[in-house]
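Worksheet: the structure to be examined is printed underneath.
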Amino acid sequence: MSHPATGPISPDELRRIADMPYGAAQAELQKHDPLWGKLPREEGEQIEWKVFVTQEVTMEAFVRVTAASAEEAMEIAETMPEGDFSWDYNSSGSVYAQDAEPAK
């Protein structure tokens, strides 16, 4: 839960951190915000990031159904629960980065 004045740190926790010696307080604050005290960073300084990525993957499966026609068989297959199939990996597309935040 976030506090309007202190963000992800409770006011009591922030008071406790504020009473710590400078180096210890900085290290404690960086547990909550890895960039605290580091901005502006030196040109080219690297930090660890947590990046959310997505990728489209094509899977394929064969399933046996009983039907009067190919069209009916395909309709039945399309309504079956995904868990009824034994999926095999076919191919995948590009990886897309969706969001990034400093790793904690």
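Every number here is computed from the coordinates shown, using simple stated rules; none is lab data. The structure displayed is predicted, hence computed values, not measured ones. Quick reminder, even Gly has a Cβ in these numbers, built from the backbone with ideal geometry, and neighbours come from all protein chains shown.
For region 1-45, the spherically averaged projection of the C-alpha convex hull amounts to 3.8 nm².
Once the dipole of the chain is set up with Lys and Arg at +1 and Asp and Glu at -1 on Cβ about the Cα centre, which of 3, 26, 79 lies farthest towards its positive end? Of the candidates, 26 comes out farthest on the positive side. Taking N as the residue count of region 48-104, its C-alpha radius of gyration divided by 2.2 N^0.38 Å amounts to 1.78.
Computed on the chain, the Cα convex hull volume stands at 200 Å³ per residue.
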